[in-house]
Structures are given as C-alpha cells and as structure tokens.
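What follows is a set of notes on a single structure, which appears directly below.
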C-alpha cells in the first residue's frame with residue numbers, strides 16, 4: 001500500500017516526522033504558512049535546548065549538521081533562592097545543543113525537500129483540514145491556534161491551570177560571558193520567578209538567551225509588561241536592574257559596555273496557559289486527526305521540555321505509521337498509549353515546578369542539592385528523562401527518598 005501523509009506545521013514536530021517518513025519513502029506533504037526565508041528573517045521564536053536524547057534522534061535522521069563544540073553545553077549552574085548556600089552545578093552525561101531555530105528550521109525544511117518531501121505554503125482553516133483528510137491517508141496536526149487547536153479537546157486531568165503561571169520574556173543578548181565549562185545558568189528566586197541564561201548560537205555567533213520566567217504580580221513581570229519596542233534603552237536598563245537585584249550570578253558575567261540585543265527582532269514577550277489536549281479527534285467524514293507538538297501539549301519552557309518531548313512524540317508517531325496501514329481509532333489509541341507515560345511525566349514535572357505557591361518539595365530539593373553532587377547530577381541528567389524526574393520530585397516523600405539515595 002502506498003501511504004500518503006499530510007502534516008500541518010513545519011516546526012520540530014512536523015519536520016522530524018516528515019524526515020523520518022521520507023527516510024522510508026513515504027509520500028509526505030507538510031503544510032505551513034512561512035517559507036524558510038521568512039522563518040530565517042523572522043522574530044526570535046524560542047530559546048530551545050536539545051538534550052542528548054533528542055540529538056540521538058537527529059543523528060538517526062541524518063540532520064545533525066552542527067557538530068562543533070560551540071553549539072554544545074554540559075552543565076547547569078544553579079543559583080538557589082532558598083537558604084544561605086546558594087550556588088552549585090550539575091553535569092549531564094552527554095552534551096546538549098543550543099541553536100537559534102531561525103537557523104535550525106530552515107535547514108531541516110531544505111533537508112525535507114531535498115529528500116523528496118513536498119511543502120505547500122498556505123494558511124489553513126478548519127474546513128481546509130477536512131479537505132486534506134480526503135487527500136491523505138492520515139493528517140497530523142502539529143501547529144494551529146484558535147479553532148484548529150480547539151479541534152482537540154483539553155484534558156482537564158492534565159491541564160490544571162486556567163491562566164498563565166509565568167509571564168515570559170526572552171531576548172538574545174550580546175555581552176554576557178559564557179561559563180566554563182559551557183552551561184546554562186539556572187536562577188530561581190521565590191516570589192520573583194526564574195531566569196535561564198542559555199548560551200545560544202545565532203546569526204552573529206554566540207549570544208546569551210536570557211529567558212525570564214516571572215511570577216505574575218512579582219517584581220520581574222515588568223520585563224513582560226513593558227514593551228521593548230516602546231523604549232529599547234529603558235528596557236535594556238530595566239533588564240540590567242533586574243539581573244543585578246535578583247540574579248547576581250548572571251549579572252556578574254555581563255559586560256555593561258557590550259550588553260545589547262543581537263537585533264530588534266531578538267526579543268519575545270508574552271504569556272500562555274499550559275495545556276494538554278486529547279491525542280486525536282474525529283472529523284464529520286469519519287476520519288481521524290492526530291495531534292502532535294504544541295497542539296497536543298503546550299508546556300512552559302522553564303525546564304526545556306517542549307522541543308524534546310515533541311521530538312520524542314514525533315518518533316513514536318513515525319514508528320507507528322511505518323508499521324501500520326490503517327489509520328483508524330485503533331491506530332490513534334496505539335499512538336496515545338505509547339507516548340503517554342513520557343509526555344504526561346514532562347507535563348506533570350513542569351506543572352509542579354511552576355505551581356503558585358511553590359510546592360514545599362521544590363525548595364527542599366534545591367536546598368539539598370547544594371551539598372549533594374550526586375543528587376544535582378541526577379536532577380540535571382533527568383532533563384533527558386522526564387519519567388525519572390517526576391519520580392524524583394512529585395512529592396515531599398519522593399524528594400526525601402531521592403536525597404537519602406543520593407547521599408548513600
């Protein structure tokens with residue numbers, strides 16, 4: 001049987017899936033509304049890090065084009081807002097990679113078309129998606145807000161919030177020194193929020209992605225509420241003031257003379273409510289749509305799980321398509337079952353970390369890591385393994401057990 005797959009969205013979800021299907025000669029069309037040039041010339045999209053489990057998937061797909069040392073980091077450098085001893089560091093078992101998605105996604109789009117994949121550039125409405133289901137054996141929806149996202153009902157059991165738990169602001173800044181060995185700064189301050197200082201590789205070489213995760217109503221949320229475009233100089237000074245007051249281990253790496261955004265397109269401000277949606281939906285014509293990527297699971301970026309969970313999910317979907325010829329409800333349930341444990345673990349982990357007020361096991365864990373290298377290395381490496389991470393931190397009892405195990 002000659003299969004035909006349609007994928008809506010050319011993010012990491014759609015491209016990883018499309019590239020896997022083309023490896024096996026399956027006719028695949030990706031639908032997106034932005035060309036590679038438009039993506040490359042657009043506003044910064046995120047501050048994504050790819051963990052080594054994701055890099056292994058990329059190696060298998062033959063799409064890891066960025067192998068030089070400058071793209072990789074090996075450590076997390078913590079500033080703990082609880083207690084008196086506040087700094088410690090954890091190490092990954094293998095390096096992670098950071099790369100501006102305005103470089104990454106266009107290259108993967110090129111790989112996809114070079115391998116015989118088809119990309120159609122168009123805006124889609126809900127009615128268009130049903131039409132596509134008549135053309136393809138299976139339609140996978142990996143992007144789409146509003147009415148398209150609403151085609152997949154929210155799961156109340158995995159979507160505990162009805163409003164954003166953090167206000168977000170991320171900018172790609174020049175003039176912030178990298179750590180040695182290269183790593184991400186993780187600064188957590190109660191009542192204020194978090195700062196991730198992520199060494200990123202972009203159009204001008206190395207930049208520092210400063211991702212401010214601000215508690216609503218706290219002193220840091222001004223970095224989301226005050227628009228950069230209204231007064232760039234004032235926003236730069238405000239950023240420096242917040243760093244100096246709340247995130248000293250990052251501020252000490254700033255060169256005041258050289259501190260500036262890479263460009264006016266290199267800042268993103270906003271907020272969203274985390275949500276997990278049903279795996280699939282049924283159209284009026286009886287065919288099924290499969291959810292993937294942000295349509296299926298939208299997570300706060302504070303623990304860098306969005307793209308990594310998406311890449312994992314795309315591989316599960318791809319493997320299922322390769323082994324099956326019938327895309328009925330049985331197929332949909334099979335995919336849902338296979339990816340549920342890992343995706344739900346990532347979802348629960350992130351929702352625990354951003355809960356207001358902070359659950360008591362989180363300060364207990366972060367404070368314990370100050371004097372327990374085995375524990376902080378375990379916590380760090382678990383960014384590759386969400387199931388292990390939620391096993392570690394889901395409750396006070398689990399944190400206490402993890403501390404005792406690591407101490408032993």
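Would you confirm whether or not region 194-213 contains a residue that is touching a helix residue (DSSP H, G or I) at 6+ places or on another chain (Cβ under 6 Å), modelled with pLDDT of 95 or more and surrounded by fewer than 22 Cβ atoms within 10 Å (Cβ to Cβ)? Among the residues of region 194-213, at least one is touching a helix residue (DSSP H, G or I) at 6+ places or on another chain (Cβ under 6 Å), modelled with pLDDT of 95 or more and surrounded by fewer than 22 Cβ atoms within 10 Å (Cβ to Cβ), which makes the answer yes. Is it the case, given these coordinates, that residue 124 is part of a helix (DSSP H, G or I), within 30 Å of residue 331 (Cβ to Cβ), in the same structural domain as residue 328 (by TED's automatic domain parsing) and touching a residue at least 12 places away in the same chain (Cβ under 8 Å)? For residue 124, the condition - part of a helix (DSSP H, G or I), within 30 Å of residue 331 (Cβ to Cβ), in the same structural domain as residue 328 (by TED's automatic domain parsing) and touching a residue at least 12 places away in the same chain (Cβ under 8 Å) - is not met. If you scan region 85-121, which residues turn out to be surrounded by 14 or more Cβ atoms within 10 Å (Cβ to Cβ), over 24 Å from the mean Cα position of the chain (by Cα) and free of Cβ contacts under 8 Å to residues at least 60 places away in the same chain? Selection gives 113 alone. Every condition in (1) assigned to a helix (DSSP H, G or I); (2) within 22 Å of residue 381 (Cα to Cα) holds for residue 211 except the one numbered (1). When the residues of region 321-345 are narrowed to those that are touching a strand residue (DSSP E or B) at 6+ places or on another chain (Cβ under 9 Å) and surrounded by fewer than 23 Cβ atoms within 10 Å (Cβ to Cβ), which ends up nearest to residue 392 (Cα to Cα)? Applying the filter and picking the extreme gives 344. Only one entry in 65, 78 is surrounded by 22 or more Cβ atoms within 10 Å (Cβ to Cβ) and either touching a helix residue (DSSP H, G or I) at 6+ places or on another chain (Cβ under 8 Å) or touching a residue at least 60 places away in the same chain (Cβ under 8 Å) (or both), namely 78.
The selection criterion, being on the phi > 0 side of the Ramachandran plot and at pLDDT 95 or above, holds for residue 293. When restricted to residues that are surrounded by 21 or more Cβ atoms within 10 Å (Cβ to Cβ) and assigned to a loop (DSSP other than H, G, I, E, B), region 1-54 contains 7. Selection of region 81-102 for residues being in contact with a strand residue (DSSP E or B) (Cβ under 7 Å, 6 or more places away or on another chain) and at pLDDT 95 or above yields 87, 88, 89, 90, 91, 92, 95, 96, 97, 98, 99, 100. For region 151-189, a tally of residues being within 28 Å of residue 226 (Cβ to Cβ) and within 20 Å of the chain's Cα centre (by Cα) returns 17.
The values are calculated or read from the model by the stated rules, or taken from the named source; none is laboratory data. These figures come from a predicted structure and were not determined experimentally. When we count neighbours, we look across all protein chains shown, and the Cβ atoms used for this are built from the backbone with ideal geometry, even at glycine.
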